1. Quick one: is Thr310 without any contact (Cβ under 8 Å) to a residue 24 or more places away in the chain and in contact with a strand residue (DSSP E or B) (Cβ under 9 Å, 6 or more places away or on another chain)?
2. So, Asp268, is that one among the charged types (D, E, K, R) and surrounded by fewer than 18 Cβ atoms within 10 Å (Cβ to Cβ) or not?
3. Residues being in a loop (DSSP other than H, G, I, E, B) and modelled with pLDDT of 85 or more: count how many of those fall in the range 134-150.
4. Only residues in the range 177-189 that are more than 26 Å from Arg155 (Cβ to Cβ) and modelled with pLDDT of 85 or more count as the first member; pair them with residues that are within 16 Å of ligand 1 (Cβ to nearest atom) and not polar (S, T, N, Q), Cβ under 8 angstrom, at least 6 apart or cross-chain, and list the lot.
5. Can you pull out the helices (runs of 4 or more DSSP H) entirely within the range 19-107 that have at least 3 residues that are closer than 24 Å to Arg150 by Cβ?
6. Only residues that are closer than 25 Å to Ala211 by Cβ and touching a strand residue (DSSP E or B) at 6+ places or on another chain (Cβ under 7 Å): list them for the range 252-271, please.
7. Does any residue in the range 62-79 that is more than 19 Å from Phe157 (Cα to Cα) come within less than 7 Å, Cβ to Cβ, of a residue that is modelled with pLDDT under 85 and surrounded by fewer than 20 Cβ atoms within 10 Å (Cβ to Cβ) six or more places away or on a different chain, and which pairs are these?
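The values are calculated or read from the model by the stated rules, or taken from the named source; none is laboratory data. Since the structure is predicted, the reported quantities are computational estimates derived from the model, not experimental observations. Here the Cβ is made from the backbone with ideal geometry for all residues, glycine too, and neighbour counts use every protein chain on show.
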Amino acid sequence: MFVGDAGIEPPSDCMLAELGQKEIGKKLDAFDKTPISKKLEKFLSSDPACIKLFQIIAKKHGFVFTEDAVNYFNEQYNEQASPAPFVIARKCNGCNALVDYVSLAELDFDKSKIRDATCGKCRRSCRVSQTKYKKFQNADILSLFMYGQRLNVFRPFQYPRCYFCKTEENIDRTKKEHTQLLCKKCSKPLEISLCFETNQNISKPLGIADAQGYWFDWYFGRLLKNKFGDATVVRNPQFRFDKNDFELDILLKKDDKTIGFSLSTEKDGSFDQEKFFLFKRVCDKLFLVTSDNTVKKTIIECAKGCFGKTKVSVITLSDFCNITRRFEQVPKQ
Ligand SMILES: [Zn+2]
Ligand SMILES: [Zn+2]
């Protein structure tokens, strides 16, 4: 009816329909009103390492072994050889020896709480250094978990496993602490591992049991709402263009501009490239936002191909150190 044999296309907005907000978007909006959301926001905003930790626990359906989290951090940061954001090295002002490492998570990310230290060799004072931190220890990651625990975001528990008969059925999972040291079936020693799980009041509304990335949609939407109180922030709006249904993660309407945000919690940012040309129907500018370290060049090029070079911006994990500064780009275009 619209595109006839003559090949004359009607104005594109004739075929665009707004289908309203998806159910999950409404759930995320409702979560904004809960007291626990403030605690989760505080946790995630403290340091990019907190976003990383939440990412691994969300990918594991809201439940992670401490040892797995340590391995994950070492894989992530070794690749980049970047300094760990929350572990600070202290060096001697005299002999330059490495004196110790301080986890900011232990100090609730309050740098004023770093106490003075002196060098064991020459008794001089120490300075904070940006030395690269090669390998994470259990204590580093535990300090992050415990910071989350103080905010009621995580809960620790012990998880006994039998490596011999590989059974778990004789273990009472409802107990918080285990006095059972031997497997009831084979009588061999149980391995008791430390785990952390997400508070149910967080994991249920954010759908963390499904290992979806909605927590990141919620968090980024929250940051936008905080920053642009006068703007309209819509989580998960749906549209139909011609016969194609599509959704955006977040849409920001400010003054007369509409800005789209496409979010990813996958490594190298896996975005729906096929949808970029549809996103162009509903927004003037597109932000690609990842909770990881990079977005693949091919994806950025693809988005720029649809929107134009100046109309695409990228926000990666390291930008979360100073997210407000990145938001200054929002009203520009
Ligand atoms: Zn010294
Ligand atoms: Zn056993």
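1. Values: without any contact (Cβ under 8 Å) to a residue 24 or more places away in the chain: yes; in contact with a strand residue (DSSP E or B) (Cβ under 9 Å, 6 or more places away or on another chain): yes.
It is true that Thr310 is without any contact (Cβ under 8 Å) to a residue 24 or more places away in the chain and in contact with a strand residue (DSSP E or B) (Cβ under 9 Å, 6 or more places away or on another chain).
2. Yes; evaluated as a whole, the condition is true for this residue.
3. Kept after step one, since they are in a loop (DSSP other than H, G, I, E, B), are these residues of the range 134-150: 134-137.
Subsequent filtering for residues that are modelled with pLDDT of 85 or more retains 136-137.
Going through the range 134-150 one residue at a time, the tally reaches 2.
4. Qualifying pairs under 8 Å: none.
5. Details: elements: 23-31, 35-46, 48-59, 66-80.
Output list reads 35-46, 48-59, 66-80.
6. Looking only at the range 252-271, we keep the residues that are closer than 25 Å to Ala211 by Cβ, and these are 260-271.
Answer for the range 252-271, where residues must be closer than 25 Å to Ala211 by Cβ and touching a strand residue (DSSP E or B) at 6+ places or on another chain (Cβ under 7 Å): Gly260, Phe261, Ser262, Leu263, Ser264, Gly269, Ser270, Phe271.
7. Close Cβ pairs satisfying both conditions: Asn74/Lys135.
Residue-by-condition table, conditions (1) over 30 Å from Cys95 (Cα atoms); (2) modelled with pLDDT of 85 or more; (3) exposed (fewer than 15 other Cβ atoms within 10 Å of the Cβ); (4) of a type in the set (Ser, Thr, Tyr):
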{"site": "Thr118", "(1), (2), (3), (4)": "no, yes, yes, yes"}
{"site": "Cys122", "(1), (2), (3), (4)": "no, yes, yes, no"}
{"site": "Gln130", "(1), (2), (3), (4)": "no, no, yes, no"}
{"site": "Asn152", "(1), (2), (3), (4)": "yes, yes, no, no"}
{"site": "Lys166", "(1), (2), (3), (4)": "yes, no, yes, no"}
{"site": "Ile171", "(1), (2), (3), (4)": "yes, no, no, no"}
